[in-house]
Amino acid sequence: MTKITSPLLAILCLAIGGVNFYFSNGIAANVFAAWLAPVFLLRFSRSTRPWLGIPLIGLVAGCATWFAFQGVIPGDRNELSAVATAAGVMMSIVYLADRLISPRLTGIAATLVFPAASVTALLVGSLGAPFGTWANDAYVQYDLPWLSRFASIAGIWSIAFLPPWLAAVINQWVEGGFHPPMAQKSAIAFAAVLAAVIGHGAVSGTNWSNTQQTVMAGLVGGRIDRPDYGQCSPDDIACRQAVLDAQYNDPLFARSGALATQGAKIIAWHEGAAVYQAGFENALLDRASQFAADRGVYLVAGLLALPDGAKEGLLQNKVIIFAPDRRRSEAYLKARPVPGEPIIAGDGRPLLFDTAYGTIAAIICFDADFTAPARDAANAGADLLVVPSNDWEEITPMHAEMAAFRAIETGLPVLRPAANGLSAVISPQGEIEARVNSFATSETALLASLDLSARPTLQRYVGDLFAWLCFAALIGFGLLAFRIRKARGRDHGEDA
């Protein structure tokens, strides 16, 4: 490997890589920083002694994560510190894997170790951490639609593979003495794959359907605050319900009625939009059913049932769909609570409901931060995915952009009504076609024409296969490197 002989130059690579790592994710994410960070950090890792370089990279990655996700992760600083520490450890392992394995290999294979290790780390994080696919490097690439659309083929994992692969190719070029890049097989391979990915994105961005069906959809979002019960005692549930009706439910039905008057045929409420004491559930559901019948709309209702009075217990965060003919769906309970969220978790089976506009599926907010729920809904026959959500300012708009990747992966149009965040109408190609940001406007509702032309995608069927292939490849590269090292050691012994 080419060594950085100057300590100052090594420190400069670490500093540039660390700064770009901070800007490569979190609240200040920048698409270009996501490509630059691994180039400089990998150069530093490969040019310093492992006992020094790897821990320093872990320290820099952990500190950058701690600052980059301020306000993104709810809860106290201890929780954020734990996440930052885990990120630092994971990055140390990724760079250590590259340092141990890639020097034993040559050509294209040597450049695949680092991206395979990076994707494996993201996969392990999504399976073992409570925050799902948060911090996946693919989400930063949303602003490059010709690139992000490749998620319809191999998922977010394939998008996250590309920046570290480029970093490995560039470092191989540096270590090879700066020969013409196109004389380097790995550079040719990367360029060919990137061209194919971009070409796919350009073609898939075109809507080839000749039978485009549209429907007017209304989203109810806006800003919400905690209820002010005033003089209501904890046991006076009638008084408390009156407060909830006045603060939440009456305005909610009024805004929904205005959308219906403007032509909405599907109306979707944000997460936990209708709030009620558990003992008043039947009354609230009857009111929603009557509204759907009177207005001739399909109502996808985000509901939050509170324990009655002073009783202690978990909340029910759920969705029920109401039809104009008074049919109603079973309740779908949020399957993946945000860590610390005091709710009853559902079984995760997708909610499907047949309508005049196709089959509507619903999952709730944090459910869409995992790849499986939306994919399960698509494979079960959904034509439209509704994701009622409730955000906060620090994760706006990036949380909605994460949901846009679920549209790309499944080929389904997505309605995302959000409280305290970005309400969005998202096309099957992942484009946010209409939006309302509750932190930028006083508007609390969104009316837009929704294209119902869902499209099948390969990602629906292969799931996280690409990530698992990266894991298998990393193991394979490791075994190959071990055999090569052992063979070289044996040859040296024979020469002696």
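The values are calculated or read from the model by the stated rules, or taken from the named source; none is laboratory data. In this text, all values refer to a predicted model and were calculated from it rather than measured experimentally. Glycine gets a Cβ as well: all are built from the backbone with ideal geometry, and neighbour counts include every protein chain shown.
Overview of results
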item: Answer residue from segment 284-308, given it is over 18 Å from residue 324 (Cα atoms) and surrounded by fewer than 18 Cβ atoms within 10 Å (Cβ to Cβ) and is modelled with the lowest pLDDT among those; result: 308
item: Output for segment 119-138, where each listed residue is farther than 18 Å from residue 84 by Cβ and surrounded by 21 or more Cβ atoms within 10 Å (Cβ to Cβ); result: 119, 120, 138
item: Among the candidates 188, 198, residue that is without any contact (Cβ under 8 Å) to a residue 40 or more places away in the chain, in the same structural domain as residue 468 (by TED's automatic domain parsing), in a helix (DSSP H, G or I) and within 25 Å of residue 141 (Cα to Cα); result: 188
item: Options 88, 132; residue that is farther than 20 Å from residue 166 by Cα, not in a helix (DSSP H, G or I) and not charged (D, E, K, R); result: 132
item: Those strands (runs of 3 or more DSSP E) lying entirely in segment 388-496 with at least 1 residues modelled with pLDDT of 95 or more and under 30 Å from residue 110 (Cα atoms); result: none
item: Boolean, residue 86 is surrounded by 15 or more Cβ atoms within 10 Å (Cβ to Cβ), modelled with pLDDT under 90 and either of a type outside the set (Phe, Trp, Tyr) or not assigned by TED's automatic domain parsing to the domain that holds residue 396 (or both); result: no
item: Test result for residue 170, surrounded by fewer than 24 Cβ atoms within 10 Å (Cβ to Cβ) and either not in a helix (DSSP H, G or I) or not aromatic (Phe, Trp, Tyr) (or both); result: yes
item: Tally, over segment 42-85, of residues that are among the small types (Gly, Ala, Ser), more than 17 Å from residue 168 (Cβ to Cβ) and part of a loop (DSSP other than H, G, I, E, B); result: 2
